[in-house]
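The values are calculated or read from the model by the stated rules, or taken from the named source; none is laboratory data. Everything quoted here is computed from the prediction, not taken from an experiment. Here the Cβ is made from the backbone with ideal geometry for all residues, glycine too, and neighbour counts use every protein chain on show.
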Amino acid sequence: MDENNVILEVKNLKKYFMPHQTFGQAIAGKKKELRPTKAVDGLNFQIHKGEIFGLIGESGSGKTTTGKLIMKLIDPTEGSIIFNGEDVTGIKGDELKAYRRKVQMIFQDPYASMNPRFKIRDVLEEPLVIHKMKGDRKERDQAILKALTEVNLTPPEDFMGRWPHMLSGGQRQRVATARTLILNPMMLVADEPVSMIDLSTRAEILHMMKDVQQRLDLTYLYITHDLSTARYFTDRIAVMYLGRIVEMGLADDIIDHPLHPYTKALIEAVPEAKTGMVDIVKELPISGEIPNPSNIPSGCRFHTRCPYAKPECAELPEPALEDVGNGHMQACRRYKEL
Amino acid sequence: MDPILQIKNLKMYYHTSKGAVRALDDISFDLMPGETLGLVGESGCGKTSMGCSILRMPTPPGRYESGQILLNGRDIIPLPEKEIRKDIRWEKISMVFQGAMNCLTPVYTIGKQMTETLNEHRQMEPKEAKELITEYLGLVGLPGDVMNRYPHELSGGMKQRVVIATALFLKPQIVILDEPTTALDVIVQSQIINLLKKLKKTFNLSFIFITHDLSLEAEVSDRICVMYAGKIAEIAPNEVVYGGDGPAHPYTRKLLEATPRLHQKVEHLNFIPGTPPDLIDPPKGCRFNPRCDLATDKCREEVPPIQEIGPGHYAACWHCHQKGA
C-alpha cells in the first residue's frame, strides 16, 4: 500500500498508570515498590486513509486506553502518534482543538454520552459552538439538519426538538454519529458503538456507519470485543493482548486463517448459530483469565494461558510482530509448528 | 415424563398511569426436567418479565391477571408469600439476574453474602455453612479463599461464577438465567457456558435461558421460545431453528438473519426496521404485522393462534402452515 496513504501512525506507544501509595503505607512510612499498570505496552500500527481498522481484544487488553490515547484524552508515557504526517503527541491548546475537530469519537453507551437536559438540536449544536464553526443560528440549524439526514433520522426537523430520553438506543447512536459528522472530521474512533444495542438494530447501525464512511470518505478506528461484527464491518483487524498487538492483517485472513494461538482461542469461543452443539462442552484452547497488567508475564506475554507454550516461550525475549505475507503480521514464535 | 413447570395462559400486566402495559399476554409453555428452554426476543418483549413472573415476583406495578404457573402440578400464583419464600423461591426455582455482576453488595465479603442466603433457608452451624460454600465455589471453579474477598477484588467472570453458585446451593430444580453472559467477553462467556452445561448434567437441572443472542441459544438450548411484544411467536426444537428448513415465523427468521456470522463473509446484514410496539396499545391483529414483509389484511385484523405445525414446533402466524400440508 502507498505510504502516503497513511492517515494515522502509532509508534511504540506506551501508557503506564502509576499506582498511588495507599494511606496505610504513607502512615507506616514503608517504601514499597510501586508497579505501574502497563495498559498499553508498545503499540505499532498504521491506519490508511478510507479504511475501517478494527482493534479487538478482551476487557483489560488495553483497547479503550488506545482509543483514549489517540483521541488525546490522556497523554502517552512513551511513543508517538502521527496524524496526517504531523506528530500530535505533545500538542496543546489551539492545535489540540484543531486536532479534535479532525478526529472525533463515538462512545459505547449512548445513554450516558448525551446530556439528558439538552434537546437533540442542542446536542448537535454544541460542537459547532465550541469550534466556532458556523456564524449564526440559521447556518448552524442547516448544518444540524444536514447531519441528521446523513444518519437517516428523518424527518430531521422532528428530531431536533426531541429529548434524548424519547429516542431508542439505536436512534441515540445515530445522533452520536451525527454529532461527530457535523464537524466534518477525517477520522472517527468508535469504541464499542453497538455493544449496548439490541441485536436486531445492530446491523442497521453498522450499515449506516459504513454508508456514511463510504460517502464521506472517512477513516474509522473500530474498537470492539465482538469478532462477528468486526468481520462484517472492518477491512483490517489488529488483535490486542495485554497492551500489545499479537496479530494484525486483513479481516478475512485473520478470521479464516488465524495464526496466533490467542486469535485462535478468540475465534473458537464465538458461539455459532448451528445445531448440534447443546450437549457438547467446547474445549477452549485457552485457560484462565487475562493476567494483571501490572505484572505482565515474562517472555511471550501469552504463555501463561497458551496450550502450546514451551519453556522457551517464557524464557526467550518477547517475540516481535513478523510479516508472513499479504500484510498479515503475527507474534508467535512457534506458529509454523501449530 | 411430566413437565416440571407448566405455564398456562399467563397474563401479567404492568398497571401504569397511562394504562395497562400488556407485558405477558396469554403465554403458555412447558418445561421438562433436565431441559434448557431458550427465551429470545428484542428488548421490551417480556423476557425478563417472564423470568420474574415464574419466581412469583412481578416487578411492581406488575400484577397477574389470569393464568396458572404449575410447579410440579401445583399452581404457585395463589400461594401466600410466606410459603413462596419458604418452599419455592430459591428452594425450587432460583434465578441468575441480568447484570448479575452488579447484584453483589460491595460492602460484604462473598462469604457473608452467600451465608445470608443459607441462613434464611437452612439452620446451619457456621462451620458447616463454610464447608458447603467452599464446596459450591469449587463446583463453579473458584478457590475457597474467594469467600474472604470483596466483590471488587474479583473479575467479571468470577463474580458471575459466584452468583451462579449462590443460585445453586439450595439445590433448586429450575434455574432461570437472565442474560448471564451479556457483560462478559467471548472467552469468559464460553467458559461460563461450559460450566453451566456441566452443572446441568451433575444436578439434572432445568434451565430457562434468557438472551437476545440467537447464536448463543444455539449452543445451550434444547428448545427455543421466541417472544415478541408479550406473546410467544414460535417455539421450536434447536435442530429446527438452526438446521433443516429453519424457523417458520417471519420474526424468528428475521432475527436469525440479523445475527452476524463469524465464518461467513456477508456483504449485507439484514436488520428488522422499526421497534417493538407500545404494549399499552399494541397493534391490532398479529403484533408483528407493522414490521412484517408478509403482512396481509388478515394479519392486521385477526390475532393468529399458536398452533402446532410440526412435531414439537409451534408458531403463531397466519402464514405458517403445517409441514407437508
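Values for this structure:
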{"quantity": "Among residues of the stretch B:258-289, those that are assigned to a loop (DSSP other than H, G, I, E, B) and of a type in the set (Gly, Ala, Ser), counted", "calculated": "2"}
{"quantity": "Residues of the stretch B:108-155 satisfying the condition of being in contact with an Asp or Glu (Cβ under 8 Å, 6 or more places away or on another chain) and either of a type in the set (Val, Ile, Thr) or closer than 19 Å to B:ARG89 by Cβ (or both)", "calculated": "B:HIS121"}
{"quantity": "Among the residues listed as B:GLY34, B:GLY44, the single one being touching a residue at least 40 places away in the same chain (Cβ under 8 Å), closer than 30 Å to A:ASP279 by Cβ and outside any strand (DSSP E or B)", "calculated": "B:GLY34"}
{"quantity": "Where A:ALA265 falls short, out of the listed (1) within 25 Å of A:GLU322 (Cβ to Cβ); (2) of a type outside the set (Val, Ile, Thr); (3) surrounded by fewer than 20 Cβ atoms within 10 Å (Cβ to Cβ); (4) at the interface with chain B (Cβ under 8 Å from one of its Cβ atoms)", "calculated": "(3)"}
{"quantity": "Meets criteria (among the acidic types (Asp, Glu) and facing another protein chain (nearest Cβ under 10 Å)) for A:ASP252", "calculated": "yes"}
{"quantity": "Strands (runs of 3 or more DSSP E) enclosed by the stretch B:133-228 - at least 1 residues per element that are within 11 Å of chain A (Cβ to nearest Cβ) and on the phi < 0 side of the Ramachandran plot", "calculated": "B:206-211, B:223-228"}
{"quantity": "Search result, residues across the stretch B:175-219 that are at pLDDT 90 or above, crowded, with 23+ Cβ neighbours inside 10 Å and of a type in the set (Val, Ile, Thr)", "calculated": "B:VAL175, B:ILE176, B:ILE208, B:ILE210, B:THR211"}
{"quantity": "Pick from the stretch B:253-305, criterion among the aliphatic types (A, V, I, L, M) and within 12 Å of chain A (Cβ to nearest Cβ), ranking: nearest to A:MET208 (Cα to Cα)", "calculated": "B:LEU269"}
{"quantity": "Evaluation of B:ASP281 against (1) exposed (fewer than 13 other Cβ atoms within 10 Å of the Cβ); (2) touching a residue at least 60 places away in the same chain (Cβ under 8 Å); (3) outside the structural domain of B:ASP213 (by TED's automatic domain parsing) (one fails), failing number", "calculated": "(3)"}
{"quantity": "Flag for B:LEU255 being touching a residue at least 24 places away in the same chain (Cβ under 8 Å), out of contact with any Ser or Thr (no Cβ under 8 Å at 6 or more places or on another chain) and either in a strand (DSSP E or B) or among the aliphatic types (A, V, I, L, M) (or both)", "calculated": "no"}
{"quantity": "Count - residues of the stretch A:172-205 that are in a helix (DSSP H, G or I), in contact with a Pro (Cβ under 8 Å, 6 or more places away or on another chain) and within 14 Å of chain B (Cβ to nearest Cβ)", "calculated": "6"}
{"quantity": "Meets criteria (in contact with a Pro (Cβ under 9 Å, 6 or more places away or on another chain) and either in the same structural domain as B:ILE208 (by TED's automatic domain parsing) or within 21 Å of B:PHE207 (Cβ to Cβ) (or both)) for B:VAL140", "calculated": "no"}
